[in-house]
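A.B. asks: After the structure tokens below, expect a handful of questions from me.
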Amino acid sequence: MAVKTGLLRREELWATLRIGAPAMVARAMIPFMFTVDMVALGRIDGAEIGVYGLGVAPMLFIQFLVIGAVQPVIFMGAQALGANDTRLSGNIVRFAVRLVLLAAPVVIAIGFTLLPVFRFFGYPSELVRGAAAAGLVFSLGVPAIVLFLIGSYFLESLGRPQIAPLTLGFGIALNFFLNAPVIQMTTSFFNAPAAGAVLATVSVRWLLASAIWAYIWLRIDRAKLGLSGKIDAPKQLAARIWRAAGPTSTSYALEHGLGMAMVFIAGTFSAAALAGFQIAINFSALAGMAMVGMGVAASVRIGQAVGQGDENAARRAFASALTLGFPLAAPIAAITFCSPEVIANLFLAGSESIDSALISLRTISVYLITNGAYMISISANRAASNVRQSLRIVVLANVCVSTPMALMFAFILNFGVTGLVYGMICGSIVGAALSGFSF
């Protein structure tokens, strides 16, 4: 009996890893493009990383809002496949694509408002113009990355998680080669190097979206999976998706928008502090993808278990994701804490910005662990259709705990930008505990 249990545990871990490993690589590759951008800008002027971060931050919040709205694609699609309703899975994807196309003009319009918004909040003049240009260009790529993610979610639920990382690998290589000439061009003509780095990434994003949808169009049985033909019961399906998309969109934006809000606050200190904090936030997004990948695996497997009505399988999938996530994240966190200068020197040449980055990186190493547990636990709740409970947890953790604690540490206790990370750690601990116990 003990041997049988051990085999079952190994099978559970392998099933989770088979989905989670490619998803982890794919999710890490998306913020890695930001890393490529920031390394290129840091070689020109470390302060340009702060300009880049301030410009991209508000549009990233909008991006996560849209991504949250299409999150039902991953868990509702998995539930449909678990219940052997293949057409429903494709119908859900079609609704998600329509939602993105409807949202695209609104997202781009928001990009045009950034210059007066930055001026209204009184950011330093050396940041405002370049940041507004970078944010506007970034808005043009938001629909592309969301379309890419819808395609990758769909392929992951079909058991083809390797397509997204392969596509992204090509995209990162192209982004690396595009950065230098595009930055040089925008610097020469517009004196806007940060906007040039964003333009290179946006161009690659549209190529990635085109590539993954070309694969789906050519290699997937569209009729069998509901990607063509008449949508079954469209009004009922739209209502069902919206019931999940509304809370999930708000939850996802608050969850991932926390770091973006902290970038806004960091911008009130100095350009050097903002640059150092932006590096730490970007690195946490990149390194944290080990846990996010396990969260994706949990979402797919829990969604399939819910579709089959197997509660025990859902709990085992959640446990497997946590079991695999922590050993992956712990070494990264340890290296970050012990050797932050190695990471900081990849980005910056200015000593003032490096000092700020070193402090932020050491603190962010703790956040990698606490936030990773939070990401897996909240993903599990969404996959089990506990979307309203997930929203309540995110509001409590991010709005009621992280934000006031960050302001207290940063301004009242005078920890500066490091205090912002302390607040984020407090909120992620609360979020992980609440979402873990409520699953």
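A.B. asks: Could you go through the stretch 145-154 and let me know if any residue there is aromatic (Phe, Trp, Tyr) and over 20 Å from the mean Cα position of the chain (by Cα).
C.D. replies: So the first thing to find is which residues in the stretch 145-154 are aromatic (Phe, Trp, Tyr), and the list is 148, 153-154.
Filter again for over 20 Å from the mean Cα position of the chain (by Cα), leaving none.
The answer is no; no qualifying residue exists.
A.B. asks: Looking at this structure, is Thr201 of a type in the set (Ser, Thr, Tyr) and modelled with pLDDT of 95 or more? Let's see the steps before the verdict.
C.D. replies: Working: of a type in the set (Ser, Thr, Tyr): yes; modelled with pLDDT of 95 or more: yes.
It is true that Thr201 is of a type in the set (Ser, Thr, Tyr) and modelled with pLDDT of 95 or more.
A.B. asks: On the basis of being over 17 Å from Leu286 (Cα atoms) and out of contact with any Cys (no Cβ under 7 Å at 6 or more places or on another chain), does Val342 make the cut? Spell out the reasoning first.
C.D. replies: On the way: over 17 Å from Leu286 (Cα atoms): no; out of contact with any Cys (no Cβ under 7 Å at 6 or more places or on another chain): yes.
When the stated conditions are applied, Val342 does not pass them.
A.B. asks: Also, I was wondering about something else. Confirm whether Ala285 is open to solvent by 10 Å² or more (accessible area, probe 1.4 Å), in contact with a Leu (Cβ under 8 Å, 6 or more places away or on another chain) and at pLDDT below 85.
C.D. replies: On the way: open to solvent by 10 Å² or more (accessible area, probe 1.4 Å): yes; in contact with a Leu (Cβ under 8 Å, 6 or more places away or on another chain): no; at pLDDT below 85: yes.
Taking the combined requirement at face value, the residue does not satisfy it.
A.B. asks: Could you list all residues from the stretch 150-175 that are open to solvent by 50 Å² or more (accessible area, probe 1.4 Å) and of a type outside the set (A, V, I, L, M, F, W, C)?
C.D. replies: Answer for the stretch 150-175, where residues must be open to solvent by 50 Å² or more (accessible area, probe 1.4 Å) and of a type outside the set (A, V, I, L, M, F, W, C): Gly159, Arg160, Gln162.
A.B. asks: Looking at Thr201, Thr250, which one is open to solvent by 40 Å² or more (accessible area, probe 1.4 Å), in a helix (DSSP H, G or I), in contact (Cβ under 8 Å) with a residue 24 or more places away in the chain and polar (S, T, N, Q)?
C.D. replies: Working: Thr201 fails: open to solvent by 40 Å² or more (accessible area, probe 1.4 Å).
Going through Thr201, Thr250 in turn, just one is open to solvent by 40 Å² or more (accessible area, probe 1.4 Å), in a helix (DSSP H, G or I), in contact (Cβ under 8 Å) with a residue 24 or more places away in the chain and polar (S, T, N, Q): Thr250.
Table: residues versus (1) open to solvent by 10 Å² or more (accessible area, probe 1.4 Å); (2) within 17 Å of Ala305 (Cβ to Cβ).
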site	(1), (2)
Val56	no, no
Gln71	yes, no
Gln79	yes, yes
Ala83	yes, yes
Gly90	no, no
Arg94	yes, no
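A.B. asks: On to the next question. Which residue out of Ala272, Ala298 is surrounded by 23 or more Cβ atoms within 10 Å (Cβ to Cβ) and either in contact with a Gly (Cβ under 7 Å, 6 or more places away or on another chain) or not basic (Lys, Arg) (or both)?
C.D. replies: Values: Ala272 fails: surrounded by 23 or more Cβ atoms within 10 Å (Cβ to Cβ).
Of Ala272, Ala298, the one residue that is surrounded by 23 or more Cβ atoms within 10 Å (Cβ to Cβ) and either in contact with a Gly (Cβ under 7 Å, 6 or more places away or on another chain) or not basic (Lys, Arg) (or both) is Ala298.
A.B. asks: Looking at Leu166, Leu155, Leu147 in this structure, which one is more than 19 Å from Met289 (Cα to Cα) and either modelled with pLDDT under 90 or not β-branched (Val, Ile, Thr) (or both)? Steps first, please.
C.D. replies: Values: Leu166 fails: more than 19 Å from Met289 (Cα to Cα); Leu155 fails: more than 19 Å from Met289 (Cα to Cα).
Of Leu166, Leu155, Leu147, the one residue that is more than 19 Å from Met289 (Cα to Cα) and either modelled with pLDDT under 90 or not β-branched (Val, Ile, Thr) (or both) is Leu147.
A.B. asks: Under 9 Å by Cβ, and 6 or more places apart or on different chains, what pairs join a residue from the stretch 324-339 that is without any contact (Cβ under 8 Å) to a residue 60 or more places away in the chain and under 30 Å from Glu11 (Cβ atoms) with one that is not in a helix (DSSP H, G or I) and not charged (D, E, K, R)?
C.D. replies: Matching pairs, first to second residue: Ala329/Gly288; Ile332/Gly288.
A.B. asks: Still on this structure, please answer the following. For the stretch 232-247, how many residues are crowded, with 17+ Cβ neighbours inside 10 Å and outside any helix (DSSP H, G or I)?
C.D. replies: Of the stretch 232-247, the ones crowded, with 17+ Cβ neighbours inside 10 Å are 237, 241, 244-245, 247.
Pick out the ones that are also outside any helix (DSSP H, G or I) and you get none.
Result for the stretch 232-247: 0.
A.B. asks: Looking at the stretch 327-341, which of its residues are out of contact with any Lys or Arg (no Cβ under 8 Å at 6 or more places or on another chain), in a helix (DSSP H, G or I) and surrounded by fewer than 17 Cβ atoms within 10 Å (Cβ to Cβ)? I'd like the intermediate steps shown before the answer.
C.D. replies: Step one: filter the stretch 327-341 for residues out of contact with any Lys or Arg (no Cβ under 8 Å at 6 or more places or on another chain), giving 327-335, 338-339, 341.
Filter once more, so that each one left must be in a helix (DSSP H, G or I): 327-335, 338, 341.
Once the filter is applied, which keeps residues that are out of contact with any Lys or Arg (no Cβ under 8 Å at 6 or more places or on another chain), in a helix (DSSP H, G or I) and surrounded by fewer than 17 Cβ atoms within 10 Å (Cβ to Cβ), the stretch 327-341 yields Pro327, Ala330, Pro331, Ala334, Ile335, Cys338, Glu341.
A.B. asks: For Pro161, work out the one condition from (1) under 19 Å from the mean Cα position of the chain (by Cα); (2) closer than 20 Å to Pro31 by Cβ; (3) not in a loop (DSSP other than H, G, I, E, B) it doesn't fulfil.
C.D. replies: (3)
A.B. asks: Please work out which one of (1) open to solvent by less than 10 Å² (accessible area, probe 1.4 Å); (2) among the hydrophobic types (A, V, I, L, M, F, W, C); (3) under 16 Å from Ser284 (Cβ atoms); (4) within 20 Å of the chain's Cα centre (by Cα) is the condition Val394 fails and give its number.
C.D. replies: Only one criterion in (1) open to solvent by less than 10 Å² (accessible area, probe 1.4 Å); (2) among the hydrophobic types (A, V, I, L, M, F, W, C); (3) under 16 Å from Ser284 (Cβ atoms); (4) within 20 Å of the chain's Cα centre (by Cα) is unmet by Val394, namely (3).
A.B. asks: Considering only residues that are open to solvent by 90 Å² or more (accessible area, probe 1.4 Å) and part of a helix (DSSP H, G or I), look in the stretch 405-421 and name the one that is nearest to Ser365 (Cα to Cα). Steps first, answer last, please.
C.D. replies: At the first step, the residues of the stretch 405-421 found to be open to solvent by 90 Å² or more (accessible area, probe 1.4 Å) are 411-412, 414-415.
Filter again for part of a helix (DSSP H, G or I), leaving 411-412.
On the way: Phe411: 22, Ile412: 23 Å.
Step by step, filter the stretch 405-421, then rank; the result is Phe411.
A.B. asks: Would you be able to tell me the number of residues in the stretch 301-313 that are in contact (Cβ under 8 Å) with a residue 60 or more places away in the chain and either buried (at least 23 other Cβ atoms within 10 Å of the Cβ) or outside any helix (DSSP H, G or I) (or both)?
C.D. replies: Within the stretch 301-313, the first condition is being in contact (Cβ under 8 Å) with a residue 60 or more places away in the chain, and the residues that meet it are 301-308.
Now restrict to residues that are either buried (at least 23 other Cβ atoms within 10 Å of the Cβ) or outside any helix (DSSP H, G or I) (or both): 301-305.
Here the count works out to 5.
A.B. asks: Still on this structure: Might you check whether a residue that is in a helix (DSSP H, G or I) and closer than 27 Å to Thr86 by Cα occurs anywhere in the stretch 277-290? Walk me through how you get there before you give the answer.
C.D. replies: Taking the stretch 277-290 and keeping what is in a helix (DSSP H, G or I), we get 277-287, 289-290.
This time we only want the ones that are closer than 27 Å to Thr86 by Cα, so: none.
No, there is no match, as no residue in the stretch 277-290 is in a helix (DSSP H, G or I) and closer than 27 Å to Thr86 by Cα.
The values are calculated or read from the model by the stated rules, or taken from the named source; none is laboratory data. The structure displayed is predicted, hence computed values, not measured ones. Note that each Cβ is placed from the backbone with ideal geometry, even for glycine, and that neighbours are counted across all protein chains shown. Only protein heavy atoms, including side chains, enter the accessible area calculation; ligands, DNA and RNA are left aside. Shrake-Rupley method; radii C 1.70, N 1.55, O 1.52, S 1.80 Å.
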